[in-house]
Number of protein chains: 2
Amino acid sequence: MRIVLDAMGGDLGPRPCVEGALAACRRFNIEVVLAGKERHLRRLLSASRARDSRLSIVHADDVVRMKDSPRDSLRKKKSSLAIAVDMVRTGDASAVVSPANTGAFLAHALMAWRMLPGIKKPAIATLLPTMQDRVVIVDSGAVVDCKPHQLVNFAIMGATYAREVLGRVNPRVGLLSIGEEETKGNELVLETNPLLRKTGLNFLGNAEGRDIFTGDFDVVVCDGFVGNVVLKTSEGLARTITEMIKREAKRSAPTMIGGALMYPAIKALKHRVDYDEIGGAPLLGVNGIAIISHGSSNSKAIMNALRVAAESVTRNLVRRVREDLEKYHSQMEKRGVSHEVVTGEAPPPPAPKADGVL
Amino acid sequence: MRIVLDAMGGDLGPRPCVEGALAACRRFNIEVVLAGKERHLRRLLSASRARDSRLSIVHADDVVRMKDSPRDSLRKKKSSLAIAVDMVRTGDASAVVSPANTGAFLAHALMAWRMLPGIKKPAIATLLPTMQDRVVIVDSGAVVDCKPHQLVNFAIMGATYAREVLGRVNPRVGLLSIGEEETKGNELVLETNPLLRKTGLNFLGNAEGRDIFTGDFDVVVCDGFVGNVVLKTSEGLARTITEMIKREAKRSAPTMIGGALMYPAIKALKHRVDYDEIGGAPLLGVNGIAIISHGSSNSKAIMNALRVAAESVTRNLVRRVREDLEKYHSQMEKRGVSHEVVTGEAPPPPAPKADGVL
């Protein structure tokens, strides 16, 4: 199995990519191709002194920057991102990982690979830690203004991901809302809830913000705006609480000693909620495996993103998503949901009236 | 100053209301009227043995239940909630506090008091703790599908509250979005951002989820769906982190001792982020002071909600909100924003065409 890594797009430059790729080759026994400036990457490889025949380089002249708009990024046809995504199209690699700008990554994957049948816009499935394990938040930032059928597709694809890659049997799906009752929510949620009941998914109903972390759901579905706000709010609050505990602990000698004794517990907790352990978020709905890694990923995060890519390849994620979309769409139509509602496509225009002949 | 407390609507029954009211009378030197079943309340008062001449009771036969719809609740004209809200209308009390069902409270306040000029739907302003102090999240659950002019009004009213009740000079307002750049966000945010720039408020631009807790903003504006998700996600995550730390700490003797030594630090932190200290969230945009308290409020939360009510009365909150709405609306119109956009009112219908006479 060969996975291509866009080694140039991250905020921290190519070093964590080179180190993460080396670690992934060894640990998961996979081939990794680094896409980027060859001389630069060779220099980093020589400096690291580690060697691995499973690691190779494909040269790319250009780099997509964080500030590049998706449209500008598409013009950079020789960027490491463009070349990496194209290698999956041509079959030279089975999956692509990139810590580059998300909008650019989406645009490239969309243009090079196209979407799966029934999908017009892809979704990002991000993992958050829970009391039990992890939960998939989908969409977490790709589609900010959604229609009900899009949320339905997020649910289907998120469930496939939870089943195939996280190993959840019959994933429990929740629709993020502001109350458990079906009557609570905004227009989008009120319209989506009855549709989800007709998919045949293991849909448990609405989930509230506080239910995200309990472990009662495997997949929580929301539009990309809400999903992104949830992710960043969680990130900010976790950091704030940690910082506050540190500050309070520093106020007296006993609490400082207490803090030191607590260190192993804090470290174990950090490991559980660590973004770097999660590594990357798959882009669902495109015809290929794309794993989005955080812009400021360190080598551990890159290594784990490569792991997620490898697991997705092994589990044949794209094929499973395509099959599930077909299966659940046809189940919905059997349950009387119209083809238009399922696909979000406008009904065909009415046939032109024949001219009246009097 | 006399404040009326709906003593019957909370999840925990009237006891925390009676105790919280007694504490508030003493501590803030205010009069509190308990609305509810007189015999029940008298019994609780005798049992508590505390006496305070500033505490009185007004009898109400009926109670609004948590499961009552807003419409059903309006039919209960003899409920403690209805009687409490009506006392503000008649001038028998200056403000009302209720731990009852939020939808019912909104409906009663709206019907009895009407809205301030330019406002059609009220907003809930909730406080969250930050690294520095507290931040106002508005709206946090009243209006789930918003138009841009509504978010503008939330910003204006939230800023008035931050200035008058929290004492922030020239409150810093942020619009919750998924990126700092003006080009990031959903349709609602993209339309609202340029309007907020024309209000004359101290608008700092978009705020991301992670910026909520830094203390860089005094007011964060969002629609009620997103705001409610943010509140409940924060609540859930904070509880999960605390629970995880406890669990990890119990795994070994040193970490248990560490936890015990850290106790004062954890307690200080808990005090800072404690909902009970915050007490209540004002309903903004109605022509009266209504403080919503959590359904499961304990006596401390009730006492603090009464404090918030008293502060809002002292600062003349309703009048200040009305003045600010007028001021900022007129500033927007001067800056070329049409009256229709400012008020969200449809332009007047075109005058009927005169019949053509050939």
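No lab work stands behind these numbers, since they all come straight from the coordinates. Computed from a predicted model, the values in this text were never measured in an experiment. Positions of Cβ are backbone-derived with ideal geometry, glycine not excepted, and every protein chain shown enters the neighbour counts.
Laid out as a table, the results:
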{"read-out": "Nm distances between copies for B:Met66, ranked from closest, using label points 7 Å along Cα→Cβ", "value": "4.4"}
{"read-out": "Separation in nanometres of the label points that stand 7 Å from Cα toward Cβ, at A:Leu12 and A:Asp133", "value": "2.8 nm"}
{"read-out": "Inverse mean reciprocal Cα-Cα distance (Kirkwood Rh) of chain B, Å", "value": "21.7 Å"}
{"read-out": "Convex hull volume per residue in cubic angstrom - Cα atoms of the protein assembly as shown", "value": "229 Å³"}
{"read-out": "Exam field: B:Gly295 pseudo-label spacings to other copies (7 Å along Cα-Cβ), nanometres", "value": "4.1"}
{"read-out": "Translational diffusion of region A:1-60, µm² s⁻¹ [Kirkwood Rh, Cα pairs; Stokes-Einstein; 4 °C; 1.567 mPa s]", "value": "116 µm²/s"}
{"read-out": "Candidates B:Gly91, B:Gly13, B:Gly103: whichever shows maximal mean-square fluctuation once chain B is modelled as a Gaussian network with Cα springs under 10 Å", "value": "B:Gly91"}
{"read-out": "Approximate spin-label separation B:Thr90-A:His59, in nm, with each point projected 7 Å along Cα-to-Cβ", "value": "8.9 nm"}
{"read-out": "Order by protection proxy (mean Cβ within 10 Å, highest first), peptides A:73-80, A:280-287", "value": "A:280-287, A:73-80"}
{"read-out": "Position A:Glu182, label points 7 Å along Cα→Cβ, spacing to each other copy in nm (shortest first, one decimal)", "value": "4.5"}
{"read-out": "Over region B:107-254: Rg over Rh, Cα atoms, Kirkwood Rh", "value": "1.05"}
{"read-out": "Cβ-Cβ FRET estimate between B:Ser330 and B:Leu190, R0 fixed at 25 Å, reported to 0.05", "value": "0.50"}
{"read-out": "Rounded to whole Hz, the Karplus (6.51, -1.76, 1.60) HN-Hα couplings of region B:195-204, x for glycine and proline", "value": "5, 5, 5, 9, 6, x, 5, 7, 8, 8"}
{"read-out": "Cα-based Rg and Dmax for region B:1-105, where Dmax is the largest Cα-Cα distance (Å)", "value": "12.8, 39"}
{"read-out": "Equivalent ellipsoid dimensions for region A:47-125 as semi-axes, Å, which come from the Cα gyration tensor, largest first", "value": "24, 16, 12"}
{"read-out": "Candidates B:Pro129, B:Pro16, B:Pro254, ranked by Gaussian network fluctuation over chain B, Cα under 10 Å, top entry", "value": "B:Pro254"}
{"read-out": "Positive-end residue of B:Tyr161, B:Val221, B:Gln132, charge dipole of region B:123-276 with Cβ unit charges", "value": "B:Gln132"}
{"read-out": "DSSP bridge orientation in chain B - percent antiparallel, rounded to nearest 5", "value": "25 percent"}
{"read-out": "Under-5 Å amide H pairs with B:Asn206, H placed in peptide plane, nonlocal only", "value": "B:Leu175"}
{"read-out": "Set A:Lys250/B:Lys267; B:Lys270/B:Lys300; A:Lys250/B:Lys300; A:Lys121/A:Lys270; A:Lys184/B:Lys232; B:Lys250/B:Lys300 screened for pairs whose C-alpha atoms are more than 23 Å apart", "value": "A:Lys250/B:Lys300; A:Lys121/A:Lys270; B:Lys250/B:Lys300"}
{"read-out": "Rg(Cα)/(2.2 N^0.38 Å) for region A:291-343, N = residue count", "value": "1.71"}
{"read-out": "Inter-probe distance in nm under a simple model that places probes 7 Å from Cα toward Cβ, at B:Glu181 and A:Glu323", "value": "4.0 nm"}
